[in-house]
């Protein structure tokens, strides 16, 4: 049974002059252990898709099944990582990571243990008492990652997590994300990554879902059969890049 | 920087403030020469006079506002020119903001009436000046802040293309000021109405003068117990305020949005929520009127533009000697103005010292106790405000619709000058409880709470969407969200709102601690009461001066010791940008 199953998802916002259709009839499923990337131009609703899966944005029509059942409200087993990091500026790194754990009702000792464990895993050992404004962009996103990992979710939902970082930091964070995904003792083995950078999607994912420009429709579900670690300069890689690019171009 | 250096800076700053303050007061005492002779007309309370009175009040507000607008643009842009200008001009406004408006009353009346040789014109000018002082300072600060926060890129564009002077003013500086000017104009009008109603009745010693207007109408009607007329007056006031909101402030706010320096994509949140059809239609009135204006003004504007294009541009190089001459003239005029100012200050300072050298009246001994009593009252009113406003803020943080509704209600209710209801409030509370203390606390409340509410609502609306999403996506409950997100995020707004609220509270003291109604004087022990008694009953200028100075001193000390520190702390810890 697939971990996540989306059927005929649509989302529209009421607008002064009618309604704004953001997502139009998207269906796909995600199996446990898969790294799925969702690619599309800006405004195609891919970020909204992630929020619908997590539950903070209600869908207009369709169904989201998690482990075969519909989830009411927020799905706490799907943790979001935000493009803008979304850290509370007045909480330390430690407090930021413990915040969702407190909401889950986890006792203080366990909270502290998990926070130290995942701060360590993202390489921020020693920065527990730092405030977000004292950190660089890459470190802030590491905190965001640690916060999502600390709740030990089943699915990691990443919303353009590297777009706000410079190219070099993004490269190292991508590698770290792959490490986290592949590590046997990692809490999460299923990742859904949204991005507008085609190369990033092909470098990281097993499957690439291509979404058209707004209203977003599913154009293709490509399985990336390339050996890992992916070589950006190989012909296979370029073939996939061209394919995705042309798919998006056709529909714009 | 060593801490001793900072303390010297602080001390110098405070000393400088006091000097400026003394200068302002001295300016007025420079003209404390001839006693005013006022002619008293008869006053009619028939409802048929309402349109006339409404018009009188409105034009007074408008005149004061136009003056405040011009002043704030000139002053604010001037202060933004450079550090030297800023160092001098901003502390002046800081002090002026702390001076309770009505403290200027006797001086203003004497000044304007002696200029106009007695008569109504002098009193009208005094009222307009008073309204001006309650409107101008926050607008000037808004202009200054806008000019200072223009992004460096925009400034560089103008420098790089050699555009300066009038073009820069028209295309860069003025547009940048629009959002804050509109916002502060709305606040200024609210403050103006509050004091106008109280200002229309001027008592200077034995003379008792009523300017035709809504304030005096309401006061007279309450005095004579004509409840029908009171209701009519209040409804008229409400009608004016609502009409202004729909026809002026709403379209202006929409227009001002165009000038915002925001580069983030607007969320669905920022769209106006769907309202009941009738209200929605009413909201269209404003933009329609604006469009109408544009249509009417388009042809003459086009003609003017064509004319201007016909005239060949003046090249500075061809007229260099003329420009040099003009610059010299300008320097000369400034020098003359400065000399006149200095003479007035010296003259006034002498008069001030001479006044203070007179034996101090016995009531002066009550000043410390009265100050404590007033502060206690302010604290209680502040606590009551927080008690109802913070829950409203928390509720508004989860629903944009509620926030919008609250803001609209607050705008209308907060605009109605509570001073119009003072007679009723005082009588009601005294009849029920027999204590003026409670009544004065309630009156102070009306001058404090709206600032707090507006600031907090603004703070709530500025909580970044992604932080709210993060809290929700990780399953944070309502209480946890309030504790971890909303309250920390609005703390800077809470402090700013509190500073403004306390400023409003100090101003309201003068109207709340001393009240004459139906020839019965209600008063409590307090600084405001002391000042009022000195102004309206005994006419003792030394006492007026002492109470005024004490109030200003306390305000300045509180601002520096408490509010400044709290604000710095709040901005340091709870700043949203990182």
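The values are calculated or read from the model by the stated rules, or taken from the named source; none is laboratory data. On a predicted model such as this, the values are computed, not experimentally measured, just so you know. As a convention, Cβ positions derive from the backbone with ideal geometry for all residues, glycine included, and neighbour counts pool all protein chains shown.
Taking residue B:534, is it in contact with a helix residue (DSSP H, G or I) (Cβ under 7 Å, 6 or more places away or on another chain) and in a helix (DSSP H, G or I)? Considered against the rule, which asks whether it is in contact with a helix residue (DSSP H, G or I) (Cβ under 7 Å, 6 or more places away or on another chain) and in a helix (DSSP H, G or I), residue B:534 comes out as yes. Regarding region A:204-213, can at least one residue be identified that is over 22 Å from residue A:3 (Cα atoms), buried (at least 18 other Cβ atoms within 10 Å of the Cβ) and modelled with pLDDT under 95? Yes, the conditions are met somewhere in region A:204-213.
The combined condition, being in contact (Cβ under 8 Å) with a residue 24 or more places away in the chain and at negative phi, is fulfilled by residue B:173.
One residue stands out in region B:440-477 among those that are closer than 20 Å to residue B:183 by Cβ and over 20 Å from the mean Cα position of the chain (by Cα): the one that is surrounded by the most Cβ atoms within 10 Å (Cβ to Cβ), namely B:460.
Being touching a strand residue (DSSP E or B) at 6+ places or on another chain (Cβ under 7 Å) and more than 7 Å from chain B (Cβ to nearest Cβ) is the filter; apply it to region A:80-98 and report the residue that is modelled with the highest pLDDT. Applying the filter and picking the extreme gives A:81.
For region B:454-512, the helices (runs of 4 or more DSSP H) that sit wholly inside it and include 3 or more residues that are farther than 25 Å from residue A:83 by Cβ and within 14 Å of another protein chain (Cβ to nearest Cβ) are B:487-512. Of the residues making up region A:68-82, those that are in a loop (DSSP other than H, G, I, E, B) and crowded, with 20+ Cβ neighbours inside 10 Å are A:75, A:82. For region A:154-180, give me each residue that is within 28 Å of residue A:3 (Cα to Cα), assigned to a loop (DSSP other than H, G, I, E, B) and either out of contact with any strand residue (DSSP E or B) (no Cβ under 6 Å at 6 or more places or on another chain) or not assigned by TED's automatic domain parsing to the domain that holds residue A:135 (or both). A:154, A:162, A:163 - these are the residues of region A:154-180 that are within 28 Å of residue A:3 (Cα to Cα), assigned to a loop (DSSP other than H, G, I, E, B) and either out of contact with any strand residue (DSSP E or B) (no Cβ under 6 Å at 6 or more places or on another chain) or not assigned by TED's automatic domain parsing to the domain that holds residue A:135 (or both). Does region A:64-71 contain any residue that is without any contact (Cβ under 8 Å) to a residue 40 or more places away in the chain and more than 13 Å from chain B (Cβ to nearest Cβ)? Yes, region A:64-71 contains at least one residue that is without any contact (Cβ under 8 Å) to a residue 40 or more places away in the chain and more than 13 Å from chain B (Cβ to nearest Cβ). Tell me, please, whether a residue that is surrounded by 16 or more Cβ atoms within 10 Å (Cβ to Cβ) and farther than 30 Å from residue A:243 by Cβ can be found in region A:43-56. Yes - at least one qualifying residue is present in region A:43-56. Counting the residues of region A:12-22 that are in contact with a helix residue (DSSP H, G or I) (Cβ under 6 Å, 6 or more places away or on another chain) and touching a residue at least 24 places away in the same chain (Cβ under 8 Å) gives 1. Once region B:546-578 is narrowed to residues that are over 23 Å from the mean Cα position of the chain (by Cα) and surrounded by 18 or more Cβ atoms within 10 Å (Cβ to Cβ), the residue that is nearest to the other protein chains (Cβ to nearest Cβ) is B:574. State all residues of region B:505-542 that are farther than 11 Å from residue B:370 by Cβ, modelled with pLDDT under 85 and crowded, with 21+ Cβ neighbours inside 10 Å; if no residue qualifies, say none. Hits for region B:505-542 are B:507, B:508, B:510, B:511, B:512, B:514, B:515, B:532, B:534, B:535.
Out of B:134, B:146, B:188, B:227, one residue alone is out of contact with any helix residue (DSSP H, G or I) (no Cβ under 7 Å at 6 or more places or on another chain) and closer than 26 Å to residue B:415 by Cα. It is B:227.
Test residue B:374 against the stated conditions and say whether it is assigned by TED's automatic domain parsing to the domain that holds residue B:486 and crowded, with 18+ Cβ neighbours inside 10 Å. Yes: the conditions hold for residue B:374. Do you know which of the residues in region A:99-113 that are in contact (Cβ under 8 Å) with a residue 40 or more places away in the chain and surrounded by 17 or more Cβ atoms within 10 Å (Cβ to Cβ) is farthest from the other protein chains (Cβ to nearest Cβ)? Applying the filter and picking the extreme gives A:101.
For region A:99-109, state whether one or more residues are farther than 19 Å from residue B:464 by Cα, assigned to a helix (DSSP H, G or I) and out of contact with any helix residue (DSSP H, G or I) (no Cβ under 7 Å at 6 or more places or on another chain). Yes, there is a match, as at least one residue in region A:99-109 is farther than 19 Å from residue B:464 by Cα, assigned to a helix (DSSP H, G or I) and out of contact with any helix residue (DSSP H, G or I) (no Cβ under 7 Å at 6 or more places or on another chain). Scanning region A:121-135 for residues that are within 14 Å of chain B (Cβ to nearest Cβ), part of a helix (DSSP H, G or I) and surrounded by 14 or more Cβ atoms within 10 Å (Cβ to Cβ) gives a single hit, A:132.
Among residues of region A:8-31 being touching a strand residue (DSSP E or B) at 6+ places or on another chain (Cβ under 6 Å) and loosely packed, with under 14 Cβ neighbours inside 10 Å, the one that is nearest to the other protein chains (Cβ to nearest Cβ) is A:13. The set of residues in region B:419-441 that are free of Cβ contacts under 8 Å to residues at least 60 places away in the same chain and either part of a helix (DSSP H, G or I) or closer than 19 Å to residue B:218 by Cβ (or both) comprises B:425, B:428, B:429, B:431, B:432, B:433, B:438.
In the list A:60, A:116, which residue meets the criterion of being away from every other protein chain (no Cβ under 14 Å) and more than 21 Å from the chain's Cα centre (by Cα)? After ruling out the rest, the residue left standing is A:116. Among the candidates B:90, B:131, B:95, the residue that is under 17 Å from the mean Cα position of the chain (by Cα), closer than 23 Å to residue B:66 by Cα and modelled with pLDDT of 80 or more is uniquely B:131.
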